[in-house]
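A.B. asks: Below: one structure in structure tokens.
The values are calculated or read from the model by the stated rules, or taken from the named source; none is laboratory data. Computed from a predicted structure; not experimentally measured. Because the Cβ atoms are built from the backbone with ideal geometry, glycine has one as well, and the counts that use them run over all protein chains shown. When the accessible area is computed, the model is the full protein with side chains, heavy atoms only, and any ligands, DNA or RNA have been set aside. Shrake-Rupley method; radii C 1.70, N 1.55, O 1.52, S 1.80 Å.
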Amino acid sequence: MPAIASEIATLLDSGNAVTVSADSYRARHTGNTPPAAGASTTATRSWKPWFPVIDYDRCTNCMQCLSFCLFDVYNVDENSLIQVRNQENCKTNCPACSRVCPEVAIMFPKYSGSPINGEPVNASDLSREKMKVNVSSLLGGDIYSTLRNRSDQAKSRFSTERSADKALAERKRCLDKLQRDGFIPAEVLAEIDLTNLPSPEEIQRRAAAASAKAQAALAANAAK
Amino acid sequence: MQSLLKKPQNPKYSQRMSHTLYCRCAYAQVISGPVKNARLEQLCASGEEFEAVPDLCEMAATRDPRLAELARRDDLRIIACHPRAVKGLFTQAGCPLPPTAEIVNMHESPSAS
């Protein structure tokens, strides 16, 4: 690699923006914190290089992402238009919201696979998404309500055989299945403390809150 | 602030009107090192003026005001990743790209595969 290109690459890799003119270049540090000596720049930056990006050319403002995400990443603006509001809440390497988007409108530029990484969306991508929506319809159109019913049934069952160990094993089995299906990357699961998962009630509370926000936004849009 | 090396003058430079932004795409191996280096070498060898940034995603995430300045230009050429993602990043940062912006996708570089 020629010397000048190598020097610029080094500056870039240590968090500097570089302006190159015809006969010289100058650099300015852009990172939130200066890189520590000997540390990789990845470890010293305070922003998370993982967040969803909405393709507004495809987005239909259906609020599926808002309803789906339990971490409050999405919200709507004053015109009830979906937005990425709390990107720092996003779980690194988890592209689950982009998988539930029926229009394939949610991208993660740092993701490796297409079309989540921003590659053009083709017909097979769209038909795959439509199939997921149909599965949702088969469940009665309201996944959360179905989950609530299942949870209620499970509670009555657990009342006779309540066991924290059994519940934990069941969660582990479910998470393993999600991983096998490619829904949750292994690195994300590795970070989850299985002994300290939110309770089903907490998950349902978050889901209900997200769903309520989505319903309110849809109602506001319908009233326009 | 640094001003280090002398670069050879390129007579083609004065004919080039676009403002080039090169994204180094830090933090992920989404675009391979050799592809990014090859593009950077090409730019350096061309003698044209350009701006290189560590990560366009970071600029969008932190709403770097430089993005808005760039988006106001009608001669912008961006060397980064998939055009859909680049457009989305600018839009999400509150400064949509003009239709005249040219996006060069490093994923489609000959040595990217």
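A.B. asks: What number of residues in segment B:23-75 are more than 16 Å from A:Leu12 (Cβ to Cβ) and within 11 Å of the chain's Cα centre (by Cα)?
C.D. replies: In the first step, residues of segment B:23-75 are kept if they are more than 16 Å from A:Leu12 (Cβ to Cβ); the result is B:45-49, B:60-63, B:65, B:67-75.
Filter again for within 11 Å of the chain's Cα centre (by Cα), leaving B:70.
The qualifying residues number 1.
A.B. asks: A further question follows. Looking at (1) buried (at least 22 other Cβ atoms within 10 Å of the Cβ); (2) among the aliphatic types (A, V, I, L, M); (3) more than 7 Å from chain A (Cβ to nearest Cβ), which is the one condition that is false for B:Ile31?
C.D. replies: For B:Ile31, the failing item is (1).
One line per residue, one yes/no per condition, for (1) under 14 Å from A:Gln64 (Cα atoms); (2) open to solvent by less than 60 Å² (accessible area, probe 1.4 Å); (3) modelled with pLDDT under 65:
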residue	(1), (2), (3)
A:Glu191	no, no, yes
A:Thr195	no, no, yes
A:Glu202	no, yes, no
A:Arg205	no, no, no
A:Ala210	yes, yes, no
A:Ala217	yes, yes, no
A:Ala222	no, no, no
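A.B. asks: A follow-up question, please. Look through B:Leu97, B:Leu76 and report the one residue that is within 21 Å of B:Glu49 (Cβ to Cβ), without any contact (Cβ under 8 Å) to a residue 40 or more places away in the chain and more than 9 Å from chain A (Cβ to nearest Cβ).
C.D. replies: Exactly one residue qualifies, and that residue is B:Leu97.
A.B. asks: While we're on this one: State all residues of segment B:39-51 that are crowded, with 18+ Cβ neighbours inside 10 Å, touching a Pro at 6+ places or on another chain (Cβ under 9 Å) and hydrophobic (A, V, I, L, M, F, W, C); if no residue qualifies, say none.
C.D. replies: If the condition is that a residue be crowded, with 18+ Cβ neighbours inside 10 Å, touching a Pro at 6+ places or on another chain (Cβ under 9 Å) and hydrophobic (A, V, I, L, M, F, W, C), then B:Cys44 is the only one that fits.
A.B. asks: For residues that are among the hydroxyl-bearing types (Ser, Thr, Tyr) and open to solvent by 30 Å² or more (accessible area, probe 1.4 Å), scanning just segment A:73-120, find the one that is nearest to B:Leu89 (Cα to Cα).
C.D. replies: A:Tyr111
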